[in-house]
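Report on one structure; see the data block that follows.
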Amino acid sequence: MGSDLYHVKAVSKQATTAVFDVKVIHPDVSTIPEDRSFALMLLREAADDSLLAREVTTDDMLDRAWVKKYASGFIQSVDLTTTGKSAKRGRLTVTVFEPAWLDHVKPGESFDTAAFQLLDKYSKHPPILLTKGAAKAPAGDALDDGDGFIWVPREAHGPLELIEPLPPFLQVPAYSLSAYEVVDEVSGKKIAPKLLQAWHGKAVQVTARGKAQGGALGFQKNLKDHVALLSVRGYGGSKIEAIGRLRLKPGRRGTKLSYAEVLEYTQTSVTQVKKKGDTLELTCRMPPDGRKVPFASESDVLALLARPLGFDFFKQGFKTKAPLGDALTRDLREQELGEDEDLYPAVARAYVASFTVEGATKPKKKLTAEALDALTPPAALAALSAPWPTFTLRIKVTDPKWIAHVDDELPMFTEKDTVFAKPATLAKLKAAKEAVKEKAAKAKAKAKAPRKPAPKRVILWHKKGASDKVWIASQDGATWKAQYGRRTMPNLEEKIYELASEEKASAAFAKAVEAKKREGYRVAPAYDAAAEVLWKRLGLAFDDSSGVPAVTKVGPPATAATHFENGFKAGDTIYAVRPRKMVGTYKLRTIEELAVVVESLRAGEDVLLETSRKLGKSGMMTTAVVTLR
């Protein structure tokens, strides 16, 4: 579920009660929740292969509606007694209604958990006990038309390069896996290819290495011992040791999957391709939810042609070898456009001579998510199976080689509501870019000098063995503040001390600093000294008054930083720093912390700076490499 927050040791167990020693192990956590959702997550994470795990899935624990309704049916009470003076250690006593929910708890065993408190109010629920024997299927709830499933068009998955062709609609579980039972399960040699083909696209549960997963059945190319399990958002691959069909069982339900999510992912697709010379005629099929034809300009047409080539956010180019991909990659780099969404409007008319949209039809009945959610699964499937709107897209390119990669076997899709800016000439684009640069230069010239922090700010750090901590103290009048924690974590613990006078605050501040020095903490360079070090060795000046170092001035060697096409600029923020040989990163709040790292390195060594600059559509922060002087 995330980073581990607590270390847990089972102390004792009696019938329906278990006692655990719990210790906080994450620097951003300061308390132990005395709470049902926390206790249920803790028990569920203790063992994947347990009676409780068969009744409660990870999806259940993160579903607020499910937890609110059912947590009190599993957990009778939770009591916490802190041990020692800190709230970060305690003894947690958990009482359940059913001994089976503690079956996997073994006194003396320890584990780490990412459990947390999801809610603070719960509905009353009768005790939930272990189901004895097979559950009786609800009346009229057949495998293929039961209310526990939702039909997802294959167009929701776009191009799937590693998956065999899918049936028109996939039967996807509408609830978490705990709401179903498995029927007709087979394993080992009984898993026949003929049986799997009969279940292609149907909702199944696959078990591998003791772990159960659910979804619509698909087949991975070139991997005979693996299958694909598809949901609305994507798919996962799995080996197959046992497989069975899913059937909704009586009992608990969480939040049901909505057709709103299905339609959001469903894309306009190309169903037929006719190519002659420099002309393409594409027959397109559009979901029947009333959306507009997604081709408003040559930019959108070029994006459709380029999408099958696969844009690589990290390498800033196209993956598939083809004349169009090679040319677009050159354009991207030569014009310093940065990402494909800027590329298409800039160069569209160099590739697309013209296009027309012809014969667009409308759905007989607009299918909204609300309307589909109100239908039974068979009725929803019938509604979605009715003819979808179609149109013909005729494209004339400037050179036949730009469509050399397009054929009947190439899957082509366009995402919902993705309409690019209209094409601009390169001259206009360059003029616009120059205007942006000029505006940035003026803003930089007008930028105020960095504001110094309060006169009393001291940063201390301590590194010994696995311990790597920072302690930041600052004083403002009669109040002083201490922030502390691991240097690798983004957030620090904070304590504020308010005293009767500024003199008393100064005395307490100085006393605390001296105490930290005696503990082995080292003092970082003062603000002015840190600024001098960073300008001399990095070629960067900063203002950290916002709580993170922001660049105000750039000089060598930062001007030669790699991974930036245009170098650093005023306004770039530096969130973290990492020496080349270090695995993790040091999170930054002050320039003094950055100076500590820079001072520890020799001239000629590289330092990696995690910046606010985004990388393409991925939204990932760019890491710039600077060689120190």
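Computed values, structure above
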quantity: Selection within the range 476-506 - over 16 Å from Val458 (Cβ atoms), of a type in the set (D, E, K, R) and surrounded by 13 or more Cβ atoms within 10 Å (Cβ to Cβ); calculated: Arg486, Glu493, Glu502, Lys504
quantity: Single condition Ile472 does not satisfy, out of (1) open to solvent by 30 Å² or more (accessible area, probe 1.4 Å); (2) touching a Ser or Thr at 6+ places or on another chain (Cβ under 8 Å); (3) of a type in the set (A, V, I, L, M); calculated: (1)
quantity: Filter pass, Phe74 being at pLDDT 85 or above, open to solvent by less than 30 Å² (accessible area, probe 1.4 Å) and not charged (D, E, K, R); calculated: yes
quantity: Residue identified as of a type in the set (A, V, I, L, M, F, W, C), within 25 Å of the chain's Cα centre (by Cα), more than 19 Å from Ser176 (Cα to Cα) and open to solvent by less than 30 Å² (accessible area, probe 1.4 Å) among Ala100, Ala114; calculated: Ala114
quantity: Members of the range 511-528 found to be closer than 24 Å to Leu499 by Cα and either open to solvent by less than 80 Å² (accessible area, probe 1.4 Å) or of a type in the set (Ser, Thr, Tyr) (or both), listed by number; calculated: Ala512, Val513, Ala515, Lys516
quantity: Which numbered condition Thr368 misses (of (1) within 29 Å of the chain's Cα centre (by Cα); (2) at pLDDT below 90; (3) not aliphatic (A, V, I, L, M)); calculated: (2)
quantity: Matching residues, the range 6-28, being of a type in the set (Val, Ile, Thr) and crowded, with 18+ Cβ neighbours inside 10 Å; calculated: Val8, Val19, Val22, Val24
quantity: Pick from the range 448-469, criterion of a type in the set (Gly, Ala, Ser) and open to solvent by 50 Å² or more (accessible area, probe 1.4 Å), ranking: modelled with the highest pLDDT; calculated: Gly465
quantity: Number of positions in the range 294-329 that are over 29 Å from the mean Cα position of the chain (by Cα) and either open to solvent by 20 Å² or more (accessible area, probe 1.4 Å) or closer than 20 Å to Leu393 by Cβ (or both); calculated: 10
quantity: Residue that is nearest to Arg457 (Cα to Cα), among those in the range 539-557 that are out of contact with any Asp or Glu (no Cβ under 7 Å at 6 or more places or on another chain) and surrounded by 20 or more Cβ atoms within 10 Å (Cβ to Cβ); calculated: Asp544
quantity: Selected residue (criterion: nearest to Glu181 (Cα to Cα)) from residues of the range 268-288 that are open to solvent by 20 Å² or more (accessible area, probe 1.4 Å) and either part of a loop (DSSP other than H, G, I, E, B) or hydroxyl-bearing (Ser, Thr, Tyr) (or both); calculated: Thr271
quantity: Filter result (open to solvent by 20 Å² or more (accessible area, probe 1.4 Å), in a strand (DSSP E or B) and modelled with pLDDT of 80 or more) within the range 607-629; calculated: Glu610, Thr627
quantity: Identity of the residue in the range 186-199, touching a residue at least 24 places away in the same chain (Cβ under 8 Å) and part of a loop (DSSP other than H, G, I, E, B), that ends up nearest to Trp66 (Cα to Cα); calculated: Trp199
quantity: Members of the range 572-606 that are within 19 Å of Asn491 (Cα to Cα), part of a loop (DSSP other than H, G, I, E, B) and among the basic types (Lys, Arg); calculated: Arg589
quantity: Single condition Tyr259 does not satisfy, out of (1) surrounded by fewer than 21 Cβ atoms within 10 Å (Cβ to Cβ); (2) in contact with an Asp or Glu (Cβ under 9 Å, 6 or more places away or on another chain); calculated: (1)
quantity: Qualifying residue in the range 515-527 (condition: closer than 19 Å to Asp476 by Cβ and at pLDDT 85 or above); calculated: yes
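Conditions tested, residue by residue: (1) buried (at least 17 other Cβ atoms within 10 Å of the Cβ); (2) not in a strand (DSSP E or B).
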site	(1), (2)
Val152	yes, no
Pro159	no, yes
Asp184	no, no
Gly201	yes, yes
Val206	yes, no
Leu223	no, yes
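The values are calculated or read from the model by the stated rules, or taken from the named source; none is laboratory data. Quick caveat, the model's predicted, so the values are computed rather than measured. Because the Cβ atoms are built from the backbone with ideal geometry, glycine has one as well, and the counts that use them run over all protein chains shown. Please note that ligands, DNA and RNA were not included when accessible areas were found on the heavy atoms of the full protein model with its side chains. Shrake-Rupley method; radii C 1.70, N 1.55, O 1.52, S 1.80 Å.
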